[in-house]
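> Can you keep this structure in mind? I'll have questions shortly.
A short reminder: the numbers here are calculations on the coordinates, not readings from a lab. This is a predicted model, so every value here is computed, not measured. Counting neighbours? That spans all protein chains shown, and the Cβs are built from the backbone with ideal geometry, glycine included.
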Amino acid sequence: MKVSCLQENLAKGLNIVGRAVSTRSTLPVLANVLLETDNGRLKLSATNLEVVVTCWIGAKVEEDGAITVPARTLNDLVSQLPQERVELLLNERTQTLHITCARTEANIKGIDAQEFPLVPKPDQNNRIRVETTVFKQMITQVALAAATDDTRPTLTGVSTTFDDSQVLMVATDGFRLSMKSAHIPGQVEKRTAVLIPARALNELARIASDDNEALYISLPEGRNQIIFDMENVVLVSQLIDGSFPDYSPIVPKRCNTRTVMGTAEFRKACKTAEIFARESSHTARVKVEPGDEITPAFAVIAATSTETGDNVAQIDAAVDGEPIEIAFNVKYMTDVLNVIDTPQVALETTNPMEPGVIKPVGDSDFIHIIMPMHFGR
């Protein structure tokens, strides 16, 4: 293999695939990145067996070939090189990659490319097209509610359903639930429901470039995998086996109080409450007062810590319904308010023992449900 490419392109490619490198595997090759020539370009791949990320960068290919080298070593080296042309020359006999850039030379010992797991290829014919910006927003608003520990593997996934010209994503960790639907161009012939690891979707959102108008999704038959194809980047993820819990019973059908607040103001009040709520399981109280002819409606967000003190923040609100005081995990509240981009947000509540529902005002495609917490009077 004899290849040359720009340092900035190689650094960018390594950054894209780098997070898929395995850090805990007993297989040494999984700590490596695969470098391979492919139709006049340089292909980089990394995998931890759950996710495979591949990207292609422009290169001048003089001799075809492939090698895997330790990802961390290569990444650290390339990041220190000047922004000039990088020459890569493989000595096949010793499986060593010789790297030259300006006045710097290095040799990295590799492992034969044959030992690297097979990288699945996207299905070019049977695939679903989604708009990149729309899909990234869905991931951002939904994946945050997925569980992060593996005690219940199905809850670490995002239930994703493609049906007709709609896609629906749902995630829950048992304390909160996020649900977002969106329109997709074209139609899906057969309703398809899969459980995608939230980790893989978060990685997809990180590497998907808004420059690409669309990304393509394919589900190879019998492989229990999903493939996301974005022009010069492909991400393949294993799917989670098992059925996602039926969440319909916890979605409130009605509410007794609907409180509309400025998103930024509500977010700031929650972040302030979080300072004092840290020591009390992140519990903060939200008190809603509908107001009357003399006093305008308002909401109060308050938190108390026996060790550090307390705070109370009052914000303007438009309230439809009864007064209520309800406690929430304020960290969960902040998480969802961070991913809502409408100027106003609605909090719908029934009573202090029932879940609260957060909805962006003017966006009926997204709802976020938070279970209430108990607090002493």
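> How big is the charge dipole of the chain about its Cα centre, in debye rounded to the nearest 20, if each Lys and Arg gets +1 on its Cβ and each Asp and Glu gets -1 on its Cβ?
520
> Can you tell me how much longer the chain between T295 and D211 gets when fully stretched, taken as 0.36 nm per residue apart minus their C-alpha distance, in nm with one decimal?
So the extension gain works out to 25.3 nm.
> Still on this structure, I have one more. Expressed as a whole number of Å, what is the distance separating the alpha-carbon centroids of segment 77-132 and segment 264-317?
Here the two parts' Cα centres lie 52 Å apart.
> Also: Output the 0 to 90 degree angle, nearest 10, between the alpha-carbon long axis of helix 7-18 and the longest principal axis computed from the alpha carbons of the chain.
Tilt relative to the chain: about 60 degrees.
> Using the beta-carbon distance between Q238 and S305 and R0 = 35 Å, what value does 1/(1 + (r/R0)^6) give for FRET efficiency, to the nearest 0.05?
That pair, Q238 with S305, gives E of 0.25.
> Then there's this: Once the dipole of the chain is set up with Lys and Arg at +1 and Asp and Glu at -1 on Cβ about the Cα centre, which of A147, S79, G362 lies farthest towards its positive end?
Of the listed residues, the answer is S79.
> Here is a follow-up. Which option, (i) 42.7; (ii) 18.2; (iii) 23.1, is the value of mean projected area of the Cα convex hull in nm² that was calculated from these coordinates?
Checking each listed value against the structure points to (iii).
> Starting from the Cα of K359, draw a straight line to each of the lysines and keep only those under 22 Å, dropping any in the same chain fewer than 8 residues away.
Those lysines meeting the cut-off are K136, K180, K253, K268, K271, K287, K331.
> Name the aspartates and glutamates eligible as straight-distance cross-link partners of K2: C-alpha to C-alpha under 20 Å, and not fewer than 8 places from it in the same chain.
Of all the aspartates and glutamates, those that pass the test against K2 - Cα under 20 Å, at least 8 places apart if same chain - are E36, D38, E62, E63, D64, E84, E87, E92, E105, D112.
> Oh, and also: At 7 Å along Cα-to-Cβ for each site, give me the label-to-label distance between T94 and V119 in nm.
2.6
> Okay, moving on. 222 nm [θ] for the chain, helices only, -39500 (n - 2.57) per DSSP H run of 4+, per residue, to 500?
About -5500 deg cm²/dmol.
> Classify segment 129-247: rounded, prolate or oblate, from the alpha-carbon gyration tensor (a ≥ b ≥ c, eigenvalue square roots; a/c under 1.5 rounded; otherwise prolate if a/b is larger than b/c)?
Taking the square roots of the gyration eigenvalues as a ≥ b ≥ c, segment 129-247 is rounded.
> Using a Förster distance of 35 angstrom, determine the FRET efficiency expected from the C-beta separation of E131 and R85, and round it to 0.05.
Given R0 = 35 Å and the Cβ-Cβ separation, E is 0.45.
> Label points 7 Å out from Cα along the Cβ direction at D363 and D149: separation in nm?
Result for the modelled spin labels: 3.1 nm.
> Let me ask something else. Rounded, prolate or oblate: which one fits segment 264-305, using the alpha carbon gyration tensor with axes a ≥ b ≥ c (rounded when a/c is under 1.5, else prolate when a/b beats b/c, else oblate)?
It comes out prolate by the Cα gyration axes.
> May I pose another question? In segment 2-115, what is the volume of the convex hull around the alpha carbon atoms, normalised per residue and reported in Å³?
Normalising the Cα hull of segment 2-115 by residue number yields 91 Å³.
> While we're here: Under the Karplus relation 6.51 cos²θ - 1.76 cosθ + 1.60, θ = phi - 60°, what is the ordered set of whole-Hz ³J(HN,Hα) values for segment 310-318, x standing for Gly and Pro?
Values, residue by residue: 8, 8, 9, 10, 9, 10, 5, 8, 10 Hz.
> Calculate how steeply helix 132-142 sits against the longest principal axis of the alpha-carbon atoms of the chain, using the helix alpha-carbon long axis, and give the answer as 0 to 90 degrees to the nearest 10.
Taking Cα atoms only, the helix is inclined about 50 degrees.
> Starting from the Cα of E279, move 7 Å in the Cα-to-Cβ direction to define the label point; list residues of segment 296-330 whose amide nitrogen is under 16 Å from there.
Residues 303-312 qualify, since their backbone N sits under 16 Å from the label point.
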